[in-house]
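A.B. asks: Here it is, the structure, as structure tokens.
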Amino acid sequence: MASSVKGIAPKQVSGKNRRVVIVSARWNASIVGALVEGCRKTLLDAEVHPDNIVHVEVPGSFELPFAASRAIQSGSVDAVVCIGVLIKGETMHFEYIASAVSQGIMDLGLKSSVPVIFGVLTCLTEEQALARAGLTEKGHNHGVDWGLAALEMIAVSESL
Amino acid sequence: MASSVKGIAPKQVSGKNRRVVIVSARWNASIVGALVEGCRKTLLDAEVHPDNIVHVEVPGSFELPFAASRAIQSGSVDAVVCIGVLIKGETMHFEYIASAVSQGIMDLGLKSSVPVIFGVLTCLTEEQALARAGLTEKGHNHGVDWGLAALEMIAVSESL
Amino acid sequence: MASSVKGIAPKQVSGKNRRVVIVSARWNASIVGALVEGCRKTLLDAEVHPDNIVHVEVPGSFELPFAASRAIQSGSVDAVVCIGVLIKGETMHFEYIASAVSQGIMDLGLKSSVPVIFGVLTCLTEEQALARAGLTEKGHNHGVDWGLAALEMIAVSESL
Amino acid sequence: MASSVKGIAPKQVSGKNRRVVIVSARWNASIVGALVEGCRKTLLDAEVHPDNIVHVEVPGSFELPFAASRAIQSGSVDAVVCIGVLIKGETMHFEYIASAVSQGIMDLGLKSSVPVIFGVLTCLTEEQALARAGLTEKGHNHGVDWGLAALEMIAVSESL
Amino acid sequence: MASSVKGIAPKQVSGKNRRVVIVSARWNASIVGALVEGCRKTLLDAEVHPDNIVHVEVPGSFELPFAASRAIQSGSVDAVVCIGVLIKGETMHFEYIASAVSQGIMDLGLKSSVPVIFGVLTCLTEEQALARAGLTEKGHNHGVDWGLAALEMIAVSESL
């Protein structure tokens, strides 16, 4: 598996018998799609059973924490990965969505015992988003990192 | 139904037997009005019964989360759509209202099991707001997206 | 009663048998005083009994949410209006107070069933504050709006 | 006692039989020290018994809310004054500490019934901090205001 | 032990019979590593038994509060030190992670009775981070301060 180009040494943790929910937003669908696939492939490579990867779509990134919360309440999930792509536009929509979503995912993790991975790109340009989804020549698919992070955080959570 | 021009593929979900509360602020009334109508029409098109669309008005956007919270406490609502229009003015009012409202709606969704849609435009100019309410030539009425999002999130919530 | 010049159509709701607490900060006393009077007169005009308007002073705007919280805990209040005037100074005090107070009032409303009106001006100049307290020629006293908002939100809260 | 030069009329409230905890950070020790002394002297002048002024030191301003929380949990405190001095540096440390501390003190007050005074200077220069600690010629010691605010807020809290 | 060059007089508190969890992120590994070692050495110098220093790694700084929360839930920890290094990049990732992590650590401390030290550098350049990890000529290792802060806060917490 490709190592990250951004300075983090990935950690391989087995995904056997793990159940992971990927929640993704539909805005900027092609970029989100690549990130979801990167995450899913990473989970499969780590031996998560295909039936144990549940993919849930929501309209936009603002809905990610709510869906993650509902998935956790359902009781049969070891980790949630929230994937979205926010790109700065003309209004201040980007800023308020990004702030509320990042704090919402943080709060959700703190009040539950299930790790929730922050897989939301907050980019100033579309080019930045493409690069972070592995869709440019020198790009790297961050979905890979988020899949690894999910499995690692399950292990960390159990070790404590 | 018109598809969004902003990169999200709308998802059609039936609204049969759903009950949706629309809470809207009265500031910038003509723009909010168009957004509310766009949302309401979308819900009706999706077969939400007219009696099951409850419209509540509040003075300003700051009051949206409180009214949404009260609606959820009433127990007979499947989703809430909060609609408001904030436009940057001379003071810092815009920034603090927008920040508190976006975080408030996020928090409300996380502590309840009812999806609360963030339908608040945070614009730097009135022109931006008009375009996002479908009131300019190339504009698109985001109220349509919020109506669809409400129905989709009810379905997501039930599926988890 | 004067209508707002800022694009909101005021809504008249009877204040009979309502009990409203006004909490105000003492910083920028003359401006705050005008806002408190505007709010109080509006409540009286709407037939709130003078004995049912309780005015509590706190030192600064940071103390507004705490006093409002205590008022709500006392159990005999239908709405709280928090009134303060923050004006940008040399340090970053303005920004951190404004942010914490706006979020604090939002959180308080969400965790109680009593509406708490955000009557805090967050101005970059004293002139802006004077105008929003009706103390300049073309100014408008926002305290009027906050009084109306309090009564309207009580009605909204009861209707849900 | 000197009146504030910053537009607030101080309010004298007796401190008899009151118990106040002052929590202060050690960064920028000489400035913090002057603020703590200004606060303590004010409390003594208002007849708080010296044994009822408890002073707790913590390393930095980030630790203020935690120590205040622990003091409140101990059950024998009428008010807490959190005193710290943050000065803008090269990194973004100032911004994130100031934001988390101001929100933390706000949240703590809202979830307890004990007033917690925000006595944290958020300055862009050391000169600004010195002036607000009364250490420049025209400066004013804000610790005085915070001591008065603590006693006033105890009275406000009891009156509600 | 070297004293801080940044204006805080370190306070020596015995670490005997204390149990401290260090949670660190793997991004910017060499800088984080120096900070962790500075913290660990400080704890050992203060007579914390090596078996009572538990080191947990997480992928990135966003995961620090969750892991700290889990450590506290395990029940056998006197303090947690969260160590990470965030450096401003091209996107807004830095801002949203830093904000959510600082608020998350604050919230965690307030809802538990265990001190959680904020050991996250929020730097605009790599050079700034190196200096604060003691990896430049005039630098100072902040991990030392955080270790001291952990032991001091345990003592403060017990004294209240």
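Coordinate-derived values only; no laboratory data. Treat the numbers as computed from the prediction; the structure is a model and nothing was measured. Here the Cβ positions follow ideal geometry from the backbone for every residue, glycine too, while neighbour counts run over all protein chains shown.
A.B. asks: Would you work out which of C:VAL48, E:SER30, C:GLY38 lies farthest towards the positive end of the dipole of the protein assembly as shown, given +1 charges on the beta-carbon of Lys and Arg and -1 on that of Asp and Glu, about the Cα centre?
C.D. replies: Highest projection toward the positive end goes to C:VAL48.
A.B. asks: Under a no-solvent Debye model with one identical scatterer per Cα of the protein assembly as shown, what's log10 I(q)/I(0) at q = 0.08, 0.09 Å⁻¹?
C.D. replies: These q points yield log10 I(q)/I(0) values of -0.68, -0.87.
A.B. asks: Please compute the contact order of chain D in relative form: average sequence separation of alpha-carbon pairs under 8 Å and at least six residues apart, divided by the residue count, as a percent.
C.D. replies: For chain D, the relative contact order is 30 percent.
A.B. asks: Then there is this: Around A:ALA67, what is the net charge, scoring Lys/Arg as +1 and Asp/Glu as -1 over all other residues with Cβ under 13 Å from its Cβ?
C.D. replies: -2
A.B. asks: What gaps in nm, shortest first, separate D:LYS16 from its twins in the other copies when you place the label 7 Å past Cα toward the beta carbon?
C.D. replies: Nearest to farthest, the other copies are at 4.6, 4.7, 7.5, 7.5 nm.
A.B. asks: Shielding of C:148-156 by partners, i.e. mean partner chain Cβ atoms within 10 Å per residue?
C.D. replies: 3
A.B. asks: Can you list the lysines whose alpha carbon sits under 29 Å from that of B:LYS16, skipping same-chain ones fewer than 8 residues off?
C.D. replies: By straight Cα distance, B:LYS16 reaches B:LYS6, B:LYS41, B:LYS111.
A.B. asks: In nm, one decimal, shortest first: how far is the label point of D:LYS138 (7 Å from Cα along Cα to beta carbon) from the matching points in the other copies?
C.D. replies: 3.3, 3.3, 5.3, 5.3
A.B. asks: Per-residue Cβ counts within 10 Å, from other chains only, averaged over B:60-68: what number is that?
C.D. replies: Taking the mean over all residues of the peptide, I get 6.
A.B. asks: Using only the alpha carbons of segment A:32-83, determine the length spanned along each of the three principal axes and report them from longest to shortest in whole angstroms.
C.D. replies: Here the spans come out as 29, 26, 13 Å, largest first.
A.B. asks: In whole angstrom, note down how far apart the Cα centers of segment C:19-44 and segment D:96-148 are.
C.D. replies: 25 Å
A.B. asks: Moving on. Computed from the mean reciprocal separation of all distinct C-alpha pairs, what Kirkwood hydrodynamic radius does segment C:20-159 have, in Å?
C.D. replies: For segment C:20-159, inverting the mean 1/r across all distinct Cα pairs yields 14.9 Å.
A.B. asks: Can I ask one more? Highest first, please rank the peptides C:76-87, D:120-131 by the mean number of other Cβ atoms sitting within 10 Å of their residues.
C.D. replies: C:76-87, D:120-131
A.B. asks: From the P(r) of segment E:117-160, could you give the percentage of C-alpha pairs in the tail past 14 Å?
C.D. replies: Within segment E:117-160, distances greater than 14 Å cover 56 percent of Cα pairs.
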